[in-house]
Amino acid sequence: MQRPERLVALKTDAIRLFKFSIVGGIGAVINTILLWLFTDLAGMYYLYSSIIAIEIAIIMQFLMNDRWTFKEQKTTHVEQFVSRIIKSNIWRSGGLAVNIGVLYALTEYAGLYYLLSNIVGIFCAFLLNYLFESRLTWGVR
């Protein structure tokens, strides 16, 4: 890859990462609100609430990323949509495991309030999610 092409690719990736971050921030808010609703209002155990909240946030983020962050690779037909959303869930399962692990460890062992633990878990899973999603769901190189 020539130097100017490499600079364009880096700029494009930086913009894409910025967009992914915005979508991730929206997903973090959705996740945290749902976690609170399911745990404090519905009375669910916080780890079960977290799994449901994360999955809903994953679906919302997938839709936003498909239409905005990775619009150059936008989904164009049903089979591609189904394939990508399944891939997205598979790749994000690593981020889900990181998020849940951090949530549990900080809440149970460090005594941190579960919503704060969740936010730390989200940050820990962010980069892993971006790498997997951009490369393996949308095929960005």
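Does Asn89 satisfy the criteria of being within 18 Å of Cys124 (Cβ to Cβ), polar (S, T, N, Q) and in a helix (DSSP H, G or I)? So Asn89 does not fit the description; no.
Whenever a residue of the range 43-60 is assigned to a loop (DSSP other than H, G, I, E, B), its partners that are among the aromatic types (Phe, Trp, Tyr), lying with C-beta atoms within less than 9 angstrom and at least six residues away or across chains, give the pairs Met44/Phe38. Against the condition touching a helix residue (DSSP H, G or I) at 6+ places or on another chain (Cβ under 8 Å) and of a type in the set (Lys, Arg), how does Arg92 come out, does it pass? Here the answer is yes, as Arg92 does meet what is asked.
Checking each residue in the range 33-42 for being in contact (Cβ under 8 Å) with a residue 24 or more places away in the chain and either surrounded by fewer than 18 Cβ atoms within 10 Å (Cβ to Cβ) or more than 16 Å from Leu103 (Cα to Cα) (or both) picks out only Trp36. Count of the range 106-141 residues, restricted to those that are touching a helix residue (DSSP H, G or I) at 6+ places or on another chain (Cβ under 8 Å), without any contact (Cβ under 8 Å) to a residue 40 or more places away in the chain and in a helix (DSSP H, G or I), is 8. Against the criterion of being surrounded by 13 or more Cβ atoms within 10 Å (Cβ to Cβ), among the charged types (D, E, K, R) and under 20 Å from Ser134 (Cβ atoms), Arg84 qualifies. The selection criterion, being modelled with pLDDT of 90 or more, exposed (fewer than 14 other Cβ atoms within 10 Å of the Cβ), under 15 Å from the mean Cα position of the chain (by Cα) and not small (Gly, Ala, Ser), does not hold for Ile100.
The values are calculated or read from the model by the stated rules, or taken from the named source; none is laboratory data. Fair warning: this is a prediction, and the values are worked out from it, not measured in the lab. With ideal geometry, Cβ positions are generated from the backbone for all residues, glycine too; neighbour counts draw on all protein chains shown.
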